[in-house]
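Here is the structure we will look at.
The values are calculated or read from the model by the stated rules, or taken from the named source; none is laboratory data. The model shown is predicted, which means the values in this text are computed figures rather than measured ones. Here Cβ is always computed from backbone atoms with ideal geometry, including for glycine, and neighbour counts include all displayed protein chains.
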Amino acid sequence: MTVSRKQYPDDHWIKLNDPEKALAAYMDQQNKAYSRVKNAFVRELLGNLAGKRFLDYGCGCGMFIVHAARQGASEVVGVDAEHTALATARYFAAEQGVEHRCTFVRSEDFLQLPTGSHFDVVLMKDVIEHVPDDVALLHRAASALVPGGVLVLSTQNLLSLNYLLEGSFQRFFRRNKDWCGWDETHLRFYTSMSLDKKLKEAGFTSTDWRSAYLVPYTLPAMGPSGKFVRLNPLSRLDTMLGDFFPFNRLGWNIIVRARTSPLVPEKTAFQYSAVSAV
């Protein structure tokens, strides 16, 4: 049976045709304690992007596009399947005064990375769990990088306390056997071991790991309100322990920095087509 990429519902903020409203909803999400910790780890693993050629694959509303442009990356490319997300990313880049330094490309198929391109750093933040053929995606990411290039990837972790607690509740008590986390468009979970194996199959060597949401600190409130109790001080455990083994592989979200072989032949530059650019 062929598995397809799941689509967001029409009322999801990523589908909004109003970039200003979409950006506000996106930033509200990114300002939550969990996202702040995760984004800080991602920035750390990306390192200094000055002079680097940077691709954010699955760029969403453009937080790391703006980050790379501000740091002085020599080339900044954002790819996403959702035209509304790209419109919001362009709006955000323009708002921050860096739109002229960014290229936005819409790809309906997440597997269609530009072949023969020449990036120094590729980011895939919370993307791989959406993609039907994740191994093919990693191979294409490797082909988009220069020898010794860096991939930073984050995804959700099967081997985490939150999965044990919330996952068990969803699967066994609510009988939601297809539960795959907080996003209804996810296809699967990973562990650091399974992710590392797939990275090796694609020619990567993992070098650094980080982990966020080691203990649950966003809990459903009692009653039918649908609201949450946020115990944000517990996020300090992530910042204290999330870069130390074994905790850096045990959070709800795992983030890995991996490198391609330095012996891969150099590739020719990719020329962005007017058809694919948004």
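Before moving on, here are some points about what is shown:
The rows are residues; the columns are (1) in contact with a strand residue (DSSP E or B) (Cβ under 8 Å, 6 or more places away or on another chain); (2) in contact (Cβ under 8 Å) with a residue 40 or more places away in the chain; (3) buried (at least 18 other Cβ atoms within 10 Å of the Cβ).
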residue: Phe54; (1), (2), (3): yes, yes, yes
residue: Glu75; (1), (2), (3): yes, yes, yes
residue: Ala94; (1), (2), (3): no, no, no
residue: His118; (1), (2), (3): yes, yes, no
residue: Val122; (1), (2), (3): yes, yes, yes
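- Residue count, the range 137-171 (criterion: outside any strand (DSSP E or B) and either in contact with a Pro (Cβ under 7 Å, 6 or more places away or on another chain) or more than 30 Å from Gly51 (Cβ to Cβ) (or both)): 15
- Here Lys38 meets the list (1) in a helix (DSSP H, G or I); (2) of a type in the set (D, E, K, R); (3) touching a Leu at 6+ places or on another chain (Cβ under 7 Å) almost entirely, failing just condition (3).
- Pairs where the first residue, in the range 246-257, is in contact (Cβ under 8 Å) with a residue 24 or more places away in the chain and at positive phi and the second is in a loop (DSSP other than H, G, I, E, B) and surrounded by fewer than 21 Cβ atoms within 10 Å (Cβ to Cβ), C-beta under 7 Å, 6+ apart: none
- Residues that are at negative phi, modelled with pLDDT under 95 and small (Gly, Ala, Ser), drawn from the range 88-125: Ser107, Ser117
- Qualifying residue in the range 100-120 (condition: touching a helix residue (DSSP H, G or I) at 6+ places or on another chain (Cβ under 8 Å), more than 20 Å from Ser35 (Cα to Cα) and of a type in the set (Asp, Glu)): no
- Checked against the criterion of being within 13 Å of the chain's Cα centre (by Cα) and either surrounded by fewer than 24 Cβ atoms within 10 Å (Cβ to Cβ) or more than 30 Å from Pro233 (Cβ to Cβ) (or both), the candidates Asp28, Asp80 yield just one match: Asp80.
- Counting only strands (runs of 3 or more DSSP E) that sit completely within the range 187-260, those holding 3 or more residues that are at pLDDT 95 or above correspond to 204-212, 253-260.
- Hey, Lys6 touching a residue at least 40 places away in the same chain (Cβ under 8 Å), closer than 23 Å to Ser211 by Cα and basic (Lys, Arg) or not: no
- Residue that is touching a strand residue (DSSP E or B) at 6+ places or on another chain (Cβ under 7 Å), within 27 Å of Ala81 (Cα to Cα) and either surrounded by 19 or more Cβ atoms within 10 Å (Cβ to Cβ) or not hydrophobic (A, V, I, L, M, F, W, C) (or both), where the choices are Ser211, Ser194: Ser211
- Taken over the range 18-53, the criterion of being small (Gly, Ala, Ser) and under 30 Å from Thr207 (Cα atoms) is satisfied by Ala33, Ser35, Ala40, Gly47, Ala50, Gly51.
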